[in-house]
Amino acid sequence: MPDSQRMEKIVSLCKRRGFIFQASEIYGGLNGVWDYGPLGVELKRNLKDYWWRVMVRERDDVVGLDGAILTHRAALKASGHEDTFSDPMVDCRTCKARLRADQLPEKNEVAQCPNCGGKDLTEARAFNLMLRTNLGASEDESSLAYLRPETAQSIFVQFKNVLDTARKKLPFGIAQIGKAFRNEINPRNYIFRSREFEQMELEYFCRPEQGMELLDYWLEERLKFYENIGLPRAKLHVLTVPDSDRAFYSKGTYDIEYDFPFGRQELEGVAYRTDYDLTQHQKASGKSLDYFDEETKQRFIPHVIEPSAGVDRTVLALLAEAYAEETVTDGKGKSETRIVLRFHPRIAPIKCGIFPLLKNNEQLVGKAHEVQAQLRPLMNVFYDETGAIGRRYRRQDEAGTPFGITVDFDSLGERDPALRDTVTLRHRDSMEQERVAISDLGSRLVRAIA
Ligand code: ATP
């Protein structure tokens, strides 16, 4: 399947099954803004929960923060965003499209408008990507505030408060997951580049001499993370950002890239930002943001390593990786196309479908509800009693549900008392079925989705 077709199929499945919708769709849509539907919100939540688990809960050296989206103008002035967080923009004089100057297609070394093919473009000028708002009743410059363009800055601004309350010693990190906003000139590639998105960021503070080693450590940790959610190592690539493209304060930056259907693109940046951010905020606020080392009795500003990942980009990578079409033969020898999302069970939106073989049999339905009640506190399950069982399996395959439980007449012990209170457990990828005692289901499935 060509990659463009693959992308179209993923987008269409996401709409059809309720993963992702265009925001404000019934009013014509908002460009570069997306809503996550019932399946999408579960997928996204599982991704964020797993990140939080491995980056915060399972570590002694990282604590969390949930900073505000609305940000003081002075903070984003000090960080450099107000003056330099911009992309070069040109206008096409022919069709009036606004374009990113560094992403223009070229023909015979002449830049062209990707919209109309025109060559009459304005000079490039800097377009600041931050979204502005006003706080309070007046709408002048004095009430100007920004929607944060990254989650990181509130971590730096709150560094001292966290240090004083969490009582951590270097090296230690502060992690955050949350919304960020950028007025991208050309939002594109579905949820890959949008104007409202979520980030998962860690600021890991250390002594200056530990910086380079920790940069490599975090790169490896982050690669492991992607493998553990089902993105194969072979499709992940590490780009060492060359000196010329790196921020002037960074001593080393890696981009982790993934082979999306539309090409190899960045999923996450892992950057050694030195002491730049804390120094800037200390200078601008006049408040000390240093660290006192009890052992050496030295006072200094810590250096920082920042693994910064995009939630939405990772969701897209997970969808792209999971999407598969295959030809299967049904019981009567008829072949059909099966669409399946092969999500890792850990991130699958629904973990398990529960199906009574027939919906008009009280005993089957009753037992299926018992199984549902037993599993519900442990994971997201989906009860479905309508339609032929094969159709119900297919619907869950499309949603990426790794397990299906069918309550049949054997579960009632009608033919063989030894089978009473057992069910068939169907595996999404192999479509194999096995007989499992209802009492074993909880522990079996919890292990599989951990
Ligand atoms: P790009 O070069 O693709 O614009 P960036 O290098 O500006 O990205 P960072 O500022 O390093 O991105 O942000 C860290 C992460 O946040 C990115 O790796 C990406 O996963 C995510 N991200 C950044 N901008 C967007 C966006 N417009 N839409 C979705 N995710 C984004």
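Within segment 279-293, which residues are assigned to a loop (DSSP other than H, G, I, E, B) and either among the small types (Gly, Ala, Ser) or free of Cβ contacts under 8 Å to residues at least 24 places away in the same chain (or both)? Within segment 279-293, Gly286, Ser288, Asp290 qualify. Of all residues in segment 136-160, those satisfying the criterion of being of a type outside the set (Gly, Ala, Ser) and either within 24 Å of Tyr50 (Cβ to Cβ) or within 28 Å of the chain's Cα centre (by Cα) (or both) are Tyr146, Leu147, Arg148, Pro149, Glu150, Thr151, Gln153, Ile155, Phe156, Val157, Gln158, Phe159.
If the condition is being aliphatic (A, V, I, L, M) and closer than 17 Å to Asn186 by Cα, then segment 117-145 contributes Leu121, Ala124, Ala126, Leu129, Met130, Leu131. Among the residues of segment 169-189, those that are more than 10 Å from the ligand (Cβ to nearest atom), modelled with pLDDT of 95 or more and buried (at least 16 other Cβ atoms within 10 Å of the Cβ) comprise Leu170, Pro171, Phe172, Gly173, Ile174, Ala175, Gln176, Ile177, Gly178.
One line per residue, one yes/no per condition, for (1) more than 16 Å from the ligand (Cβ to nearest atom); (2) among the basic types (Lys, Arg); (3) in the same structural domain as Trp51 (by TED's automatic domain parsing); (4) part of a strand (DSSP E or B):
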site: Met212; (1), (2), (3), (4): yes, no, yes, no
site: Gly230; (1), (2), (3), (4): yes, no, yes, no
site: Tyr249; (1), (2), (3), (4): no, no, yes, no
site: Asp259; (1), (2), (3), (4): no, no, yes, yes
site: Arg264; (1), (2), (3), (4): no, yes, yes, yes
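Put simply, of Arg246, Arg222, Arg193, Arg182 the only residue that is within 14 Å of Arg313 (Cα to Cα) and charged (D, E, K, R) is Arg193. Can you find a residue that is over 30 Å from Leu223 (Cβ atoms) and part of a loop (DSSP other than H, G, I, E, B) anywhere in segment 337-358? Yes; the residues of segment 337-358 include at least one that is over 30 Å from Leu223 (Cβ atoms) and part of a loop (DSSP other than H, G, I, E, B).
Rundown of residues vs (1) surrounded by fewer than 16 Cβ atoms within 10 Å (Cβ to Cβ); (2) within 16 Å of the ligand (Cβ to nearest atom), yes/no style:
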site: Arg17; (1), (2): no, no
site: Ser24; (1), (2): yes, no
site: Pro38; (1), (2): yes, no
site: Val56; (1), (2): no, no
site: Val62; (1), (2): no, no
site: Asp66; (1), (2): yes, no
site: Thr71; (1), (2): no, yes
site: Ala74; (1), (2): yes, no
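Yes/no matrix, rows are residues, columns are (1) of a type in the set (Asp, Glu); (2) without any contact (Cβ under 8 Å) to a residue 60 or more places away in the chain; (3) at negative phi:
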position	(1), (2), (3)
His81	no, no, yes
Asn108	no, yes, no
Asn115	no, yes, yes
Leu129	no, yes, yes
Thr151	no, no, yes
Ile155	no, no, yes
Phe159	no, no, yes
Arg167	no, yes, no
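Scanning segment 297-318 for residues that are in contact with a Lys or Arg (Cβ under 6 Å, 6 or more places away or on another chain), assigned to a strand (DSSP E or B) and in the same structural domain as Ile438 (by TED's automatic domain parsing) turns up nothing. Among the residues of segment 362-384, count how many are touching a helix residue (DSSP H, G or I) at 6+ places or on another chain (Cβ under 8 Å) and either among the hydrophobic types (A, V, I, L, M, F, W, C) or at pLDDT below 95 (or both). So the answer is 7.
Out of curiosity, is Met431 outside any helix (DSSP H, G or I), touching a strand residue (DSSP E or B) at 6+ places or on another chain (Cβ under 9 Å) and surrounded by 15 or more Cβ atoms within 10 Å (Cβ to Cβ)? No; evaluated as a whole, the condition is false for this residue. Evaluate the following for Glu306: is it among the charged types (D, E, K, R) and within 16 Å of the ligand (Cβ to nearest atom)? Yes: the conditions hold for Glu306. Residues in segment 289-328 that are of a type in the set (Gly, Ala, Ser) and farther than 21 Å from Met212 by Cα: Gly310, Ala317, Ala320, Ala322, Ala324.
The values are calculated or read from the model by the stated rules, or taken from the named source; none is laboratory data. In this text, all values refer to a predicted model and were calculated from it rather than measured experimentally. With ideal geometry, Cβ positions are generated from the backbone for all residues, glycine too; neighbour counts draw on all protein chains shown.
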